[in-house]
Structures are given as C-alpha cells and as structure tokens.
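First comes the structure, then the notes that go with it.
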Amino acid sequence: MQKKPLIAFRGVQKSFMGKEPIFSNIDMEISKGEFTFLTGVSGAGKSTIFRLLLGLEKPDSGSITFNGAEVTAMVGDEKSRHRRSIGMIFQDYKLLEKRTAEDNIAIPLQINGISRNTKEIKIKDIASKLKIDNILKQQVRSLSGGEQQLVAIARAAVHSPKLILADEPTANLDQKMAGRIFDMLTLLNVEGITVIVATHDINLLKAHKRRILLLKQSCLIEVH
C-alpha cells in the first residue's frame, strides 16, 4: 500500500487583494523524511507556500493536507497543535536580541509546557548536535549572523517537529557559513525531520543534489 504524503497540495490557487493569482492549480506532494528545495524569483510565492502550510493564509481554492489532516479546516487547538508540529527558520532570524541563545532556543519548549529538567536536556542535546554549546550563554546581539542562524535552527528543531521550513536560511552569509547551515539542516533531515528550504541561492542548489520545486509564471514545476 502506498504511503500517504506528509504534505499534499491539490489544485491550490492563491491571490491577494483581488489581483491576479500568485499561483494557480498547484499540485505538490512531499513525503515524510524528504529534503526539498523550493525556488523561484522574489515574489514568486515561496513565502506564501510556507504561510499556507502553517495555516496563516487560506487558499482561494484547492486543498492542503498535512499528515492526513486538512489544514484549511483546522480551528482553535487543532490549528495550534499543527503549528507546533512545524519548525520555522526565518531569513531575518526573529530572535530576541537582548536574551541569550539558550533563552531563544527554549521558547518552543516553554510554549509546549515542557518541564524544566526535560527542557534543559533538549537544549543541551540540540546545541551539541549543531555545535553551538559554546554560545548558549551569550546574548544574541553579540553573535555573528551565522551564529544567530544556527540558534534559529536550534530553536526550530528543539521540540522535534515533523517539518522544518527554512526561508532563505543562507541569505547574507558567506559560502563557508552557508555550507555549515546546510550541513546542520541535512543532519536534522537524516534524523527524520522533513525539510523544505526556500532559496534563490543558485550555488546552494548546484552544490547539493536534492529535489527542486520551481515556482515560475504561476506554476510549480519539478526540476530534474
């Protein structure tokens, strides 16, 4: 029996303010454990795909399912649980700059009501995996851009989500740090977390052989 995809878009169309659709009749399936690139020019709709997956936007038409549940039908606690099952990594990090790296990583665990002892274990574990043990006690504003992105990745992954969405995670980083960021996302993927990276970084796409989905002229095309 064929396994159901973790993510499925069926005939999805999305527009804003009555304008022409950003994309229309989008069909997409992503299986559990995949590592996928989502690419396209600025404004093609990469961030909108993420917002639809999170349930922050609703499509004009079509359906979006995640782990077998219809995202657009979710309300209340169900929607909150859905969002907590996804880790989000932002291009501009969205960290609390006057708090420590450790404080920032702890945020999803606090939201989920995790006990203090378990929280400490989980933070120590993810920091060790991402090799950021040495910066846990530092204020975020004292860290480099690459270090801040690693903290953001740790925050997204610390509660063991089913899916990580990374929005231009290597933007404004040098090639060496971009490579490290990709390696850390790959490590999390190997451990079972599905990863989607939205990027227009051609070097990143060329350097790593992964499935590529291209948003172009209101369509979603798989690039081989």
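For the stretch 1-44, which positions are of a type outside the set (S, T, N, Q) and either under 15 Å from the mean Cα position of the chain (by Cα) or outside the structural domain of Leu214 (by TED's automatic domain parsing) (or both)? Don't jump to the end; show me each part of the working.
Initially, the stretch 1-44 is screened for residues of a type outside the set (S, T, N, Q), giving 1, 3-12, 14, 16-23, 26-30, 32-35, 37-38, 40-41, 43-44.
Answer for the stretch 1-44, where residues must be of a type outside the set (S, T, N, Q) and either under 15 Å from the mean Cα position of the chain (by Cα) or outside the structural domain of Leu214 (by TED's automatic domain parsing) (or both): Leu6, Ile7, Ile30, Lys32, Gly33, Glu34, Phe35, Phe37, Leu38.
When you scan the stretch 123-137, how many residues do you find that are in contact with a helix residue (DSSP H, G or I) (Cβ under 6 Å, 6 or more places away or on another chain) and in contact (Cβ under 8 Å) with a residue 24 or more places away in the chain?
Looking only at that region, the number is 7.
Residues of the stretch 205-224 being of a type outside the set (Ser, Thr, Tyr), in contact (Cβ under 8 Å) with a residue 40 or more places away in the chain and more than 13 Å from Thr36 (Cβ to Cβ), which ones?
Lys216, Cys219 - these are the residues of the stretch 205-224 that are of a type outside the set (Ser, Thr, Tyr), in contact (Cβ under 8 Å) with a residue 40 or more places away in the chain and more than 13 Å from Thr36 (Cβ to Cβ).
Take the residues in the stretch 80-103 that are polar (S, T, N, Q) and over 21 Å from Ala171 (Cα atoms); name whichever of them is farthest from the chain's Cα centre (by Cα).
Thr100
I want to confirm something. Restricting to the stretch 142-175 and keeping residues that are of a type in the set (S, T, N, Q) and closer than 14 Å to Val195 by Cβ, which single residue is surrounded by the fewest Cβ atoms within 10 Å (Cβ to Cβ)?
Ser160
For the stretch 48-65, state whether one or more residues are over 22 Å from Phe16 (Cβ atoms) and outside any helix (DSSP H, G or I).
Yes: the stretch 48-65 contains one or more residues that are over 22 Å from Phe16 (Cβ atoms) and outside any helix (DSSP H, G or I).
I need the full set of residues from the stretch 81-106 which are among the β-branched types (Val, Ile, Thr) and either in the same structural domain as Thr194 (by TED's automatic domain parsing) or closer than 14 Å to Pro161 by Cα (or both), in order please.
Passing the criteria: Ile86, Ile89, Ile105.
In the stretch 189-218, which residues are touching a strand residue (DSSP E or B) at 6+ places or on another chain (Cβ under 7 Å) and of a type in the set (A, V, I, L, M, F, W, C)?
The answer is Ile193, Val195, Ile196, Val197, Ala198, Leu205, Ile212, Leu213, Leu214, Leu215.
If you go through the stretch 37-59 one residue at a time, how many are in contact (Cβ under 8 Å) with a residue 40 or more places away in the chain, surrounded by fewer than 19 Cβ atoms within 10 Å (Cβ to Cβ) and over 14 Å from Ile196 (Cα atoms)?
3
Taking the conditions exactly as written (among the hydroxyl-bearing types (Ser, Thr, Tyr) and either in a strand (DSSP E or B) or outside the structural domain of Glu222 (by TED's automatic domain parsing) (or both)), does Thr72 satisfy them or not?
no
The values are calculated or read from the model by the stated rules, or taken from the named source; none is laboratory data. Keep in mind that what you see is a predicted model, and the values were worked out from it rather than measured. Neighbour counts are summed over all protein chains in view; Cβ atoms, including those assigned to glycine, are modelled from backbone coordinates with ideal geometry.
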